Amino acid sequence: MTCILFFDGGCRGNPGPMAIGAVLLENGKKVKEISKNIGTGTNNIAEWKALIEGLKLAIAHDCQELEVRGDSQLIIRQISGRYKVKSDNLIPLFNEARKLCGNFKKIDFKWIKRDENSYTDSMVNNALDI
């Protein structure tokens, strides 16, 4: 089953309160989503945690092939292996995400512009507003 995952993470202040949003689509229709506050930290931590939670949604939905879309060029390039993760506090998140990627027969990562990720961005902001 081919699915598309949109993810976003953000914080108010850097560091500051963090939240995530992730939406899983199948055949263009939303099948699952998650949005929540996740404590205090940096924007990069929030992005990684959003990716991880999104991958967990896709695994729970039994997606075999997954296209992951996010507006963080850094995270997309790091998870794709084009950039190294150098920050000690991000390496465990990177390793967790890579391990979760092993659950899919095929997985691709695509950087998208922020306006193409507006739904998950609004999920993040709504969670931060609560």
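Every number here is computed from the coordinates shown, using simple stated rules; none is lab data. Quick caveat: nothing in here was measured; it's all calculated off a predicted structure. FYI the Cβ positions are ideal-geometry reconstructions off the backbone, even for glycines, and counts take in every protein chain you see.
Report summary: the helix-based calculation at 222 nm, which adds -39500 (n - 2.57) for every DSSP H run with n ≥ 4 and divides by the residues of the chain, gives -11500 deg cm²/dmol. Using only the C-alpha atoms, the convex hull of the chain corresponds to 94 Å³ per residue.
Counted as membrane-span-like here are DSSP H helices of the chain whose alpha-carbon atoms extend 18 Å or more along the helix's own axis and whose Kyte-Doolittle mean is 1.6 or above; there are none. Once you reduce segment 99-115 and segment 24-88 to the center of their Cα atoms, the two points are 7 Å from each other. Rounded to the nearest Hz, the phi-derived 3J(HN,Hα) couplings of segment 77-90 under the Karplus curve 6.51 cos²θ - 1.76 cosθ + 1.60 (θ = phi - 60°) are 6, 5, 5, 7, x, 7, 10, 8, 8, 9, 6, 4, 6, 9, where x marks glycine and proline. Legend note: in the chain, cysteines whose Cβ sits 4.7 Å or more from every other cysteine Cβ are Cys11, Cys101.
Scanning residues 5 or more positions from Lys32 or on other chains, those with amide H under 5 Å from its amide H are Leu24, with H placed 1.01 Å from N in the peptide plane. Restricting attention to the chain, lysine pairs at least eight places apart or on different chains and with alpha-carbon atoms under 14 angstrom apart total 4.
How much of the DSSP beta bridge set in the chain is antiparallel, as a percent to the nearest 5? Of those bridges, close to 60 percent are antiparallel. The mean sequence separation of alpha-carbon pairs under 8 Å and at least six residues apart, normalised by the residue count of segment 2-129, gives a relative contact order of 32 percent. If you bin all the Cα-Cα distances of segment 56-125 at 10 Å, starting from zero, the percentages per bin are 18, 45, 36, 1.
In the chain the longest region clear of trypsin sites (Lys or Arg not before Pro) that are loop-assigned by DSSP and have at most 12 other C-beta atoms within 10 Å covers 1-81.
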